[in-house]
Amino acid sequence: MQAGLPEADRGAPVAYRLQLPPPGWRIHDVFAQHRLKPYVDGAATFVSRRNPTIPEAVVVDGQREAHVDRILARRVRISRGKEIEEWKVRWTGYSKAHDSWRTRDKLERGAPLQQLR
């Protein structure tokens with residue numbers, strides 16, 4: 001039986017003991033047969049699924065960042081008694097799950113300046 005984890009032995013007619021990777025898996029290593037499914041290679045199953053291409057990132061201050069698609073929102077927050085202006089950015093090729101807040105100095109190099117005013 002191949003379940004993504006190697007089978008150690010079959011303890012009973014209806015149970016399998018699996019070899020779990022040490023030490024982080026703090027679960028019981030014996031599973032009922034009806035709880036296990038045969039391993040199916042996803043590459044063969046989802047051949048037509050296309051992999052989205054993500055644009056090449058640019059390096060800003062030694063860190064990789066994607067191109068700015070658009071500015072979504074603006075906020076002012078207080079940090080150590082100073083007002084800090086930030087913009088919520090949508091990155092080109094990424095979903096809204098990757099939207100993030102950036103300060104003006106981090107954005108001025110990559111974002112169109114008219115959007116930051």
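Data table
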{"read-out": "Candidates Thr92, Thr103, filtered to the one that is surrounded by 11 or more Cβ atoms within 10 Å (Cβ to Cβ), among the polar types (S, T, N, Q) and modelled with pLDDT of 85 or more", "value": "Thr103"}
{"read-out": "Hits in region 79-110 - residues which are in a strand (DSSP E or B) and more than 25 Å from the chain's Cα centre (by Cα)", "value": "Ser79, Lys82, Glu83, Ile84, Glu85"}
{"read-out": "For Pro55: the one exception among (1) modelled with pLDDT under 85; (2) in a strand (DSSP E or B)", "value": "(2)"}
{"read-out": "Selection from region 1-21 of residues that are at pLDDT 70 or above and either under 27 Å from the mean Cα position of the chain (by Cα) or of a type in the set (Val, Ile, Thr) (or both)", "value": "Val14, Leu20, Pro21"}
{"read-out": "Test: Arg77 is loosely packed, with under 12 Cβ neighbours inside 10 Å and at pLDDT 80 or above", "value": "yes"}
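The values are calculated or read from the model by the stated rules, or taken from the named source; none is laboratory data. Because the structure is a prediction, the values reported are computed rather than measured. Heads up, the Cβs are rebuilt from the backbone with ideal geometry, glycines too, and the neighbour counts pull from every protein chain shown.
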